[in-house]
Amino acid sequence: MIILSALLGGLWSMLIGTLWYSNLLFGRPWRHLLGIKMISMTSQDMARTFGTTFVLYFFAALLLAFSVGPWYTVGSNLMAIVLVWCVFTFIPMAVSNLYTARSWKLTLIDAGYQLVTFLGITFIAVYLH
């Protein structure tokens, strides 16, 4: 079940990333804040970028699946992820963006994606455990 959890977690991250950074949600303001136009990637670049992203989130989900257990409630697992996200994602990202003079909106968009992704991965891992 751990491998299935990691596969679903990797797929979840891709689904959320596609929606999060699309024009339906935060794609326009995100690109505007970074000062970039629509990214035109070759199909080879896209395959490499998306493939690498999936593999990285697969391993993140795999590690996370080993850390959850039936002795914890769904709520306590999700709360733990929020705390870990604050310490290892939000605060370092905010400090980095502060020193590079990037907008708080950009910090919230990027850190928000990470939070939603890891909450989903955690829920999958707990549900399948």
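Nothing in this text is a laboratory measurement; each read-out follows from the coordinates by a stated rule. Every value quoted in this text rests on a predicted model; they were computed, and no experiment measured them. Please note: Cβ atoms are built from the backbone with ideal geometry, for glycine as well, and neighbour counts cover all protein chains shown.
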(request) Fewest Cβ neighbours within 10 Å first, please rank Val95, Val126 accordingly. (result) Val95, Val126
(request) Please find, in a Gaussian network model of the chain (springs between Cα atoms separated by less than 10 Å), the residue of Met38, Met79, Met93 whose mean-square fluctuation is greatest. (result) Met38
(request) Among Leu128, Ile36, Met79, flag the residue with its Cα farthest along the positive direction of the charge dipole of the range 2-128, charges on Cβ as +1 for Lys/Arg and -1 for Asp/Glu. (result) Ile36
(message) I want to verify a result. In a Gaussian network model of the chain, Cα cutoff 10 Å, which of these has the top mean-square fluctuation: Leu78, Leu25, Leu64?
(response) Leu25
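Does the range 1-65 come out rounded, prolate or oblate by the C-alpha gyration tensor, with a ≥ b ≥ c the root eigenvalues, rounded set by a/c under 1.5 and, if not, prolate when a/b is larger than b/c and oblate if not?
Working: a/c = 2.98, a/b = 1.85, b/c = 1.61.
Taking the square roots of the gyration eigenvalues as a ≥ b ≥ c, the range 1-65 is prolate.
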(request) For the range 2-128, calculate the relative contact order in percent as a whole number, restricting contacts to Cα pairs under 8 Å that are 6 or more residues apart. (result) 46 percent
(request) Give the label of the value calculated from the structure for Cα extents along the principal axes in Å, choosing from (i) 65, 33, 19; (ii) 46, 34, 23; (iii) 69, 34, 30. (result) (ii)
(request) Take the alpha-carbon centre of the range 1-46, take the same for the range 80-129, and report the distance between them in whole Å. (result) 15 Å
